[in-house]
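The values are calculated or read from the model by the stated rules, or taken from the named source; none is laboratory data. Computed from a predicted structure; not experimentally measured. Don't worry about glycine lacking a Cβ; one is built from the backbone with ideal geometry, like all the others, and counts go over all protein chains shown. To get the accessible areas, we keep the full protein, side chains included, count just its heavy atoms, and leave off ligands, DNA and RNA. Shrake-Rupley method; radii C 1.70, N 1.55, O 1.52, S 1.80 Å.
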Amino acid sequence: MRRPIIAGNWKLNNTINEAVELINGLKRELVDADGVDIVVCPTYTALSDAHEILMDTNIKLGAQDVYWEEKGAFTGEISPQMLKDAGCDYVIIGHSERRKYFNETNETVNKKIKAALAAGLLPIVCVGEQLEEREAGKAFDVIKDHVTGSLAGLSGEDMEKIVLAYEPVWAIGTGKTATPQQAEEVHAYIRGLLKEIFDEETAENTRIQYGGSVKPDNIKELMQEKDLDGALVGGASLKIDSFTQIVKGAV
Ligand code: PGA
């Protein structure tokens, strides 16, 4: 049985004080949440404070990106070891906004995954097609390219530590959620790819989140789908109330 996992991707939002307030609220509201893994991903500047508050709770900490080098002359970057040091367990890699605005490619995603794993971080790896690609009937080709390229050279054992997130780019921050059936179709396709690349067991055990306008009122329906194992939540993760309801709705 795959345990559901709900992660909040805060993106470029919240000062340290705002982050502390949100995290304290989530800690209070989610103290009894059971049967689900919960992750919050604030900005880098709030990680240490977040870690202090979340230590020994059921909420894990994640970062939104990472670089693949451990140290050196790479101005502006942050290493997997530094994220571990700040208290992170998870790291989002290959988010569509990184792919779109910061030239992230399957190759850089792949390097980041390997470096994150080597440092003991658990990667949340994002894949997903753009609207034009879906309309041109290329959604599955794009997904195949993202999955095979991002996961190149990894083993079944590596996959035990990786969560995948299917995020159709046209559904991110637009209020347009993929229908549960549209999501399931792609999730099942991804699971089939994992079976081809790795094996049946790895495919069955890998958790695949859905992301794109997940809200308290659509999480239950999405979670009914058999290959959908949780959500990567953007906008709705910025409010105590909506994120709490999503976590509770996922169980
Ligand atoms: P959204 O973002 O929930 O605001 O659509 C999801 C994401 O980008 O991870």
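Data table
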quantity	calculated
Whole-Å distance, taken between Cα centres, linking segment 161-181 and segment 130-154	13 Å
Principal axis dimensions, largest first and in whole angstrom, of segment 5-249 by Cα	45, 45, 33
Residue (of 194, 143, 247) at the positive-pole extreme of the chain, dipole from beta-carbon charges	247
Cα→Cβ-extended label distance, 7 Å offset, between residue 221 and residue 74, nm	4.2 nm
Accessible area in square angstrom per residue, segment 5-249, 1.4 angstrom probe	45 Å²
Sites residue 21 and residue 103 - FRET efficiency at Förster radius 30 Å, r taken between beta-carbons, to 0.05	0.30
Out-of-range pairs (alpha-carbon distance over 26 Å; input 84/138; 111/220; 60/239; 161/248)	84/138; 111/220
Ellipticity estimate at 222 nm from DSSP helix runs (n ≥ 4, -39,500 (n - 2.57)) divided over the chain, nearest 500	-12000 deg cm²/dmol
Over segment 180-221 - Rg/Rh using Cα atoms and the Kirkwood inverse-distance radius	1.06
Carbon/sulfur fraction of accessible area - the chain, other protein chains in place, 1.4 Å, %	49 percent
Alpha carbon centroid spacing (whole Å) that separates segment 189-211 from segment 62-121	22 Å
Assigned charges on the beta-carbon of Lys, Arg, Asp, Glu; the chain dipole about Cα centre (debye)	300 debye
Selection from 33, 152, 61, by position along the positive dipole direction of segment 5-249 (Cβ)	61
Cut-off under 5 Å, modelled amide H: who pairs with residue 5 long-range	37, 230, 231
